[in-house]
1. Checking the a/c ratio against 1.5 first, then a/b against b/c, what shape does the Cα gyration tensor give for region 11-151?
2. Peptides 127-135, 55-63, 140-148: what's the order by average Cβ count within 10 Å, highest mean first?
3. Per-residue counts of other Cβ atoms within 10 Å, averaged by peptide: what ranking do you get for 22-30, 75-83, highest first?
4. Using label points projected 7 Å from each Cα along Cα→Cβ, tell me how many nm separate residue 162 and residue 150, to one decimal.
5. Over all pairs of distinct alpha carbons, what does the Kirkwood formula give as the hydrodynamic radius of region 17-79, in Å?
6. Please work out how much length the chain gains when fully extended from residue 136 to residue 27, using 0.36 nm per residue of separation minus the C-alpha to C-alpha distance, in nm with one decimal.
7. For the pair residue 53 and residue 122, what calculated FRET efficiency results from E = 1/(1 + (r/R0)^6), where r is the Cβ-Cβ distance and R0 = 41 Å, to the nearest 0.05?
């Protein structure tokens, strides 16, 4: 039985490889770096970049579909430490992407992929005021992803969140101004009523608290004696 299974795996491997113009075989027998008969990258890929002109080398691995990155891609330094974990759709970043240093998570990004095969694309976007509601947004595609969602920046080593940014369809949302607390609002003095029974805000706008209290105290008096300090000769 064992001798029958072995030729079967060999035939399957030859069938897969026959679809590739060029390819590599991994140590475990997996087919890597397949370029199909149309010249497009397909399947599992391992890309190795050596050090060049002072720039550190790296390795990245993931899947290609019709010459475009698809799904999860990971990037490592030449020592095998994880540097990035990115999600792709149609060859563009899509969803959450994470970036690391040797000390740990440095920052995370959020992207919305658009289909580069279409001049315009229609996206269903959640209403920022009500996440249960969606609206269709037509965007002009330029072959790149759109920043969409929350970006977070951390202090490596401690994991402490240092800063956040929120994007909506490529536009940075400005933080809302904080509302003043109730106990921080100065009390408004009650203004006297005019002859028509309406608050005379114009006349009393610049009056001090003492003047308002004086007018209230003497509002029903016919004559009011006022000491002005003026001397008559």
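1. oblate
2. Packing order, densest peptide first, comes out as 140-148, 55-63, 127-135.
3. 75-83, 22-30
4. 1.9
5. One over the average 1/r among Cα pairs gives 12.6 Å for region 17-79.
6. Difference between extended and current length: 34.5 nm.
7. Rounded to the nearest 0.05, the efficiency is 0.40.
Coordinate-derived values only; no laboratory data. These numbers come from a predicted model, not from an experiment. Positions of Cβ are backbone-derived with ideal geometry, glycine not excepted, and every protein chain shown enters the neighbour counts.
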